[in-house]
Each structure stands twice: as C-alpha cells, then as structure tokens.
Amino acid sequence: MNILSRILSLCVVLLTLTGCFKEEKQGTHLRIALYSQNVSTDNVQKCTSEIEGYAFCVPKGTKWEVTTWEDALNRVITNKDKPNEQMTEPAIVASYDPEAEYQVSYALWDMRYTVLVIVDKTNRIYATRVYETPMNIPEMKTQLHLYAHRKSGSVNGWDMVNPFPDEKREPLDSTTEEE
C-alpha cells in the first residue's frame, strides 16, 4: 500500500508539472468591429467605408505616428523622437470584409510591439494605436468608432485623426439633417 501511495503521489506531481512546460505563443488574431458617424446627428452604425489596415513592428518604448493624410495612404509612420526616421513597409496588411461582424482582422503572430493603423479612405480619417500583443490569447475582439465630424481625439487606446475637420460631411442616415 505504501508503494502504491508513492506511485500515485509521483503521478500527481508529474501531471501537475506538465502544465509548466506548455509552449507560450506571442501574438493574437485581432478582430475589430468598425462603426461610423459622419455628422453628430447620425446614429452610430456599422462602417461600410473603404477601409485599409496595416501594422508595423516597433521596438519597445519608441513612439511612432502617422504625420499626414498622405502618409496614412502610403503606409508611412514616423518616429516622434527622430522625425527623419520612418518605416514604409508594414509587417502585415490587415484583411477587410465589410460584411463581417468584425470587419478588420490583423494576424499579429510572433509580433510583440506594434503600431496599428486603420485608414477610412471614404471619409478621409485614420486611427492609430500602439499595441502590445498578448501571450497565449489566440483571438482578441474589440471595437473602433470613427467619428468623421470630430476634429481628432483618443478613445480606448486609439488616436483618431481627422486631417480635414472642416470638410462638409454627408449624413449616413437618410433621415438625419446635415450639421
């Protein structure tokens, strides 16, 4: 009986240790549901604009930004501390499906620190976010609201930029009046 209890104890210890040796995976599949509002009287609704998303791998602690509308269209980010330093080749381009619940999808595998960019080509606005990918979380879902009538701002970690804040916008709802 003593030998049996020792074997049983050893089996319990060995089974417990197997969890300590599981492989950790850096990265995630980030899915983003996009919503739009062109004028303040619009209802917020699912975005159906022409969207492009891309991501750059960046060193930890560095600060990067999209400085102009042309840079957003041309996939260029600039180092805030060294304005002559730019990145022009995104590590990945996100997939976009306007019919999906989560329209933008980034496959951020084997990336740790990233700058995410989403460009709304129809409404001429863009959003950026510094994102540290999680360990062992295969999928993350989030939302991004693009307000074309606002100048610029930050919400939920995203910096939304409207380079044309005085541009007249058409309402998304046919029942709302223009501002």
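The values are calculated or read from the model by the stated rules, or taken from the named source; none is laboratory data. Owing to the predicted nature of the structure, the values given are computational and were not obtained by experimental measurement. Ideal geometry is used to build each Cβ from the backbone, glycine not excepted, and the neighbour counts take in all protein chains shown. Each accessible area value is taken on the protein alone, full model and side chains, heavy atoms only, with ligands, DNA and RNA left out. Shrake-Rupley method; radii C 1.70, N 1.55, O 1.52, S 1.80 Å.
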Q: List the residues whose amide H sits under 5 Å from the amide H of Lys25, counting only those 5 or more places along or on another chain, with H placed 1.01 Å from N in the peptide plane.
A: Asn136
Q) In what sequence, highest mean first, do 153-166, 104-117, 23-36 appear when ranked by Cβ atoms within 10 angstrom? A) 104-117, 23-36, 153-166
Q) Using the Cβ atoms and a cut-off under 14 Å, what net charge is assigned to the surroundings of Thr62, where Lys and Arg are +1 and Asp and Glu are -1? A) +1
Q | Net charge over other residues, Cβ less than 15 angstrom from the Cβ of Ile92 (K, R count +1; D, E count -1) | A | +1
Q. Angle between the Cα long axis of helix 2-18 and the longest principal axis of the chain, 0 to 90 degrees, nearest 10?
A. 20 degrees
Q.
Checking the cross-link filter: which lysines have an alpha carbon closer than 18 Å to that of Lys63, excluding same-chain neighbours under 8 positions apart?
A. Lys80, Lys82
Q) Can you give the % of DSSP beta bridges in the chain that are antiparallel, to the nearest 5? A) 80 percent
Q.
Can you tally the net charge around Met111? Count Lys and Arg as +1, Asp and Glu as -1, for every other residue whose Cβ sits under 13 Å from the Cβ of Met111.
A. +1
Q.
If you roll a 1.4 angstrom probe over the protein chains with everything in place, what fraction of the accessible area of the range 30-179 belongs to carbon and sulfur, to the nearest %?
A. 46 percent
**Q.** Residues with amide H under 5 Å from that of Trp109, placed H, sequence gap 5 or more
**A.** Thr28
Q) With a Cα-only, solvent-free Debye model of the chain, what are the log10 I(q)/I(0) values at q = 0.14 Å⁻¹? A) -0.78
Q) Under 14 Å from the Cα of Lys151, which aspartates and glutamates turn up, not counting those fewer than eight places away in the same chain? A) Asp159, Asp166, Glu167
